[in-house]
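The values are calculated or read from the model by the stated rules, or taken from the named source; none is laboratory data. Given the structure is predicted, the values throughout are model-derived calculations rather than measurements. Because the Cβ atoms are built from the backbone with ideal geometry, glycine has one as well, and the counts that use them run over all protein chains shown.
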Amino acid sequence: MPFSKLGLSQPITDAIHELGYDKPTTIQSKAIPAILKGEDLLAAAQTGTGKTASFVLPILEKLAQGETQRKKRIRALILTPTRELAEQVEQKVRDYSKHLNLTSLAMYGGVDEQPQKQALIEGVDILVATPGRLLDMYGKRAVYFEEVEMLVLDEADRMLDMGFIEDINKILDRLPTDIQHLLFSATLSNKVRDLAKTAVHDPFEISIAANQASKKNIEQWLITVDKDKKSALLSHLIKENDWNQALIFIETKHGAAKLAQQLEKRGIEAEAFHSGRSQAIRQRLLEDFKAGKIKYMIATGVGARGIDIEGLERVINYDLPFPADEYVHRIGRTGRADAQGEAISFVSKDNFKNLCMIESRLGHLIERREVEGFEPRKPVPISILNYVPKHKRQQKEG
Ligand code: AMP
């Protein structure tokens, strides 16, 4: 089905065709008509499915038909967990609205608030914000909510994981009640469902099924390797395969810095990307990585939240993520939309339980490969697919 059949008008369909989108993704064909009809929405879709366009496009369509805002007023509010995601979503708003006369702004903490205040003075149509900074600005009367028509909670599960529940509730309390509410989350955990009870009313539900969590265009495999050999294995793979680019996930900031040094000693240039580096540096790294100037970026899970790189070929789980949903998020960073991607995980024996949880979540085993010269001394057992962690077993029994 073409985009025009979804009820989007020409300035919008022109912009998306210019970006090279031929047809809507699954979430887009389901969400766009529902949002245009005015439904509240509860959508389970991870990053990489085209979810951003699935809410941005109908928002643009609706706002383009309405009136302009007054000073310090906004008409659509998109809440995101991180600055990086706020910037990326707002960039998409700009891309998709290039033939419309709508204004947008990304607003987040950790930077001077003055330019953001200034930008709000004339009012903006679409504000993409992180919850903390938004509340600050609201408290300082830099922004008013009475003209808000639509609210999006993007990556709601991450916002909850990051402890934003109180801020979100405060924002919900201050928004007009008769607006359209849209909630997007990679996973619909109980916490997210609780939030949905207050944030969306009688919602239209969309779920991009769990087995689509392992999207078909992502080749996933794992390499069993002893823990102390992981850094040498990574260098070996990089040299052997002459990869274009890889986003490498590691557990700690310290680990990221150390691994970057180890790679450098072996003649491989890599950058560490984590919350310990300044916002300006992270922004530059992200731009350089997107432009292909940096080939290997080593990121902590928290640091890399919301990184969206068009056509990223490969992610590497140098450390296996925890919990299992984080694995799904991470592999979603590659093979975006219809591009091919590869997700490689390094797994040692002490990751066994974690691996069981991930493979249980996926509903299948991940293909295993060994690399010559790096065969583990301590073998990793084959997972139990219906694995339940001990504390949950006890809860069930008790
Ligand atoms: P998202 O799931 O919103 O993070 O989007 C993932 C990526 O897919 C982004 O880089 C978008 O630019 C791209 N994308 C979104 N919708 C489409 C589409 N219909 N066709 C091709 N690419 C798309």
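The set of residues from segment 22-40 being in contact (Cβ under 8 Å) with a residue 60 or more places away in the chain and within 12 Å of the ligand (Cβ to nearest atom) comprises Thr25, Thr26, Ile27, Ala31. Which ones in segment 199-238 are modelled with pLDDT under 90, farther than 30 Å from Ile298 by Cα and assigned to a helix (DSSP H, G or I)? Residues satisfying the conditions do not exist here. Among the residues making up segment 362-374, those that are surrounded by fewer than 18 Cβ atoms within 10 Å (Cβ to Cβ) and in contact (Cβ under 8 Å) with a residue 24 or more places away in the chain are Gly363, His364, Glu367, Arg368, Arg369, Glu370, Val371, Gly373, Phe374. On the given criteria, is Asp14 of a type in the set (D, E, K, R), more than 11 Å from the ligand (Cβ to nearest atom), assigned by TED's automatic domain parsing to the domain that holds Leu182 and surrounded by fewer than 19 Cβ atoms within 10 Å (Cβ to Cβ)? Criteria met by Asp14. Among the residues of segment 134-153, those identified as of a type in the set (Phe, Trp, Tyr) and not in a helix (DSSP H, G or I) are Tyr144, Phe145. Checking Ala76 against (1) buried (at least 24 other Cβ atoms within 10 Å of the Cβ); (2) on the phi < 0 side of the Ramachandran plot; (3) within 12 Å of the ligand (Cβ to nearest atom): exactly one of these is not met. Which one? For Ala76, the failing item is (3). Any residue at all in segment 63-83 that is under 30 Å from Ala280 (Cβ atoms) and part of a helix (DSSP H, G or I)? Scanning segment 63-83 turns up at least one residue that is under 30 Å from Ala280 (Cβ atoms) and part of a helix (DSSP H, G or I).
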